[in-house]
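The block underneath contains the structure these notes are about, expressed in structure tokens.
The values are calculated or read from the model by the stated rules, or taken from the named source; none is laboratory data. In this text, all values refer to a predicted model and were calculated from it rather than measured experimentally. Don't worry about glycine lacking a Cβ; one is built from the backbone with ideal geometry, like all the others, and counts go over all protein chains shown. Only protein heavy atoms, including side chains, enter the accessible area calculation; ligands, DNA and RNA are left aside. Shrake-Rupley method; radii C 1.70, N 1.55, O 1.52, S 1.80 Å.
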Amino acid sequence: MNTVDLITKKRNGGTLSPEEIKFLVDGYTAGEIPDYQMSAFLMAVYFRGMNVEETVELTDAMRLSGDVVDLSAIKGIKVDKHSTGGVGDKTTLIVGPLAAACGVPVAKMSGRGLGFTGGTVDKMEAIPGFKTAMEESDFIDQVNTCGIAVIGQTGQIAPADKKIYALRDVTATVENLSLITSSIMSKKLAAGSDAILLDVKCGKGAFMKTEEDAEKLGRLMVDIGNSSGKKTMAVISDMEQPLGCAVGNALEVAEAIDVLKGQGPEDITELSLKLAGIMIYLSRVAGTDGLGLEEGIARGQEAAEQALQDGSALEKFRRFVSGQGGDPGIAEDPGRLPQAKLSKQILAQQEGFVSALDAMTIGLASQHTGAGRQRKEDEIDLSAGIVLAKKLGDTVRCGEVLCTLYGNDEDKLALACEEAVKAFIIDDTKPEERKLIKKIIE
Ligand code: URA
């Protein structure tokens, strides 16, 4: 087989065979195919696309490029949850303990944040003492004893994706349905769970800007997950504005604790309960076994609401944190989380309604405070970030606080303020209410 011929075939709109796709993925992972040829191939895919069969093969070749985790030593139906990324999305810290409190074994590998989006591993590292790296046997023990463990991704999961994603990032070939699907699903399918729940974000702070595109991505990922023998579902949820009010690592942990105490913002509470309900249904626990989709999700959601009200989800969070070496005292005293020395408020210059609150701009502003990284190797400030005082549709009086920015560097904070102010548009008409959960795909 010849790499130039395969690039030419795709450039001309042809369909690649499973062997041809495997040749490209294996050759690139092994360093036998250079970056410039893979870049050309990715650009050909970007313009010509791949059909479902090619996407299935690409996902499989990438999944098999490294370790495939064996979680069979963990009892029960393990359900993984994955968000396609957004701003203020701390749902794993809430949904994990909620689902685990209802009997779902949660054995999860998460990633770090990059650019304007955050990552669960960074958020967990804001908890004093919390370890995000564990031996596989300790990881399995923690899930069997506590019901939940969340660690960083190991280097051996889908190494082909690691290499290809880095190349896509610098060759303007990220935004392609087949490439995004194979990238996410190769990692999820290698991570060893029995079922997968995808939270596909759409709106200004997401890869997929429209509901239509998010639905196409969700449908393709669900089909690929199911065809690989793992029950897979997707939720399409809004990411036009940040989720909840806190953006930034320690700030988001504090907000997750508020939600687990039943005192969190409405939007993130609603989404967390829905995601936990679906995970409970997929795991067939809490009386959902044998129920159909709608009834099963409703029963799962009731169980999650109960775990929130009776404090068992918060107790699970404490045990999860202490099991991974963290300080469970943060649940009572969030002041034990890293605290920023400086803060600045942005005040409204006119009265009216918040008619736009751009999630991506808030994400970029949060990155400027020091909470996010521009390059993978950048250090981040775990205490930095933004807390929104106003959200879409809220009424605002002149001089009222729109948001507060936190950090430890005056210059960074000033730059972040310049950005954050652009996220808010205030005018006379109340915007139409946006639906948070737009669709569930089975
Ligand atoms: N997240 C991934 O892991 N891969 C993509 O291609 C896009 C988002």
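The residue that is surrounded by the most Cβ atoms within 10 Å (Cβ to Cβ), among those in segment 182-208 that are in a loop (DSSP other than H, G, I, E, B) and within 14 Å of the ligand (Cβ to nearest atom), is G205. Buried (at least 24 other Cβ atoms within 10 Å of the Cβ) and over 30 Å from G129 (Cα atoms): does that describe S283? Yes; evaluated as a whole, the condition is true for this residue. Scanning segment 168-177 for residues that are within 11 Å of the ligand (Cβ to nearest atom) and open to solvent by 10 Å² or more (accessible area, probe 1.4 Å) returns D169, V174, E175, N176, L177. Any idea how many residues of segment 378-414 are over 19 Å from G118 (Cα atoms) and of a type in the set (A, V, I, L, M)? Within segment 378-414, residues that are over 19 Å from G118 (Cα atoms) and of a type in the set (A, V, I, L, M) number 6.
Among the residues of segment 227-242, are any at pLDDT 95 or above, within 15 Å of the ligand (Cβ to nearest atom), in contact with a Leu (Cβ under 9 Å, 6 or more places away or on another chain) and part of a helix (DSSP H, G or I)? Checking segment 227-242: not a single residue is at pLDDT 95 or above, within 15 Å of the ligand (Cβ to nearest atom), in contact with a Leu (Cβ under 9 Å, 6 or more places away or on another chain) and part of a helix (DSSP H, G or I). On the given criteria, is E294 touching a residue at least 40 places away in the same chain (Cβ under 8 Å), part of a helix (DSSP H, G or I) and not small (G, A, S)? The answer is no for E294. Of the residues making up segment 135-166, those that are of a type in the set (A, V, I, L, M, F, W, C), more than 26 Å from T29 (Cα to Cα) and in contact (Cβ under 8 Å) with a residue 60 or more places away in the chain are I140, V143, C146, I148, A149, V150. Just one residue in the set A61, A30, A73 is of a type in the set (A, V, I, L, M) and free of Cβ contacts under 8 Å to residues at least 24 places away in the same chain; that residue is A30. Annotation: of all residues in segment 127-167 being surrounded by fewer than 21 Cβ atoms within 10 Å (Cβ to Cβ), among the small types (G, A, S) and under 24 Å from L382 (Cβ atoms), the one that is farthest from the ligand (Cβ to nearest atom) is G129.
In segment 64-89, which residue that is out of contact with any Lys or Arg (no Cβ under 8 Å at 6 or more places or on another chain) and within 16 Å of the ligand (Cβ to nearest atom) is nearest to V121 (Cα to Cα)?
As a first pass, look at segment 64-89 and keep what is out of contact with any Lys or Arg (no Cβ under 8 Å at 6 or more places or on another chain): 64-70, 72-76, 78-79, 87-88.
With the extra rule that they be within 16 Å of the ligand (Cβ to nearest atom), the set shrinks to 65-66, 87.
Details: S65: 23, G66: 21, V87: 15 Å.
Looking at residues that are out of contact with any Lys or Arg (no Cβ under 8 Å at 6 or more places or on another chain) and within 16 Å of the ligand (Cβ to nearest atom), I get V87.
Per-residue answers, yes or no, for (1) surrounded by 17 or more Cβ atoms within 10 Å (Cβ to Cβ); (2) small (G, A, S); (3) over 30 Å from M233 (Cβ atoms):
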residue: R336; (1), (2), (3): no, no, yes
residue: S343; (1), (2), (3): no, yes, yes
residue: D358; (1), (2), (3): yes, no, no
residue: A365; (1), (2), (3): yes, yes, yes
residue: R397; (1), (2), (3): no, no, yes
residue: A420; (1), (2), (3): yes, yes, yes
residue: I425; (1), (2), (3): no, no, yes
residue: T429; (1), (2), (3): no, no, yes
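Looking only at segment 111-132, residues that are outside any strand (DSSP E or B) and at pLDDT below 85 come to 6 in all.
Quick check on G218: is it assigned by TED's automatic domain parsing to the domain that holds A100 and outside any helix (DSSP H, G or I)?
Values: assigned by TED's automatic domain parsing to the domain that holds A100: yes; outside any helix (DSSP H, G or I): no.
Criteria not met by G218.
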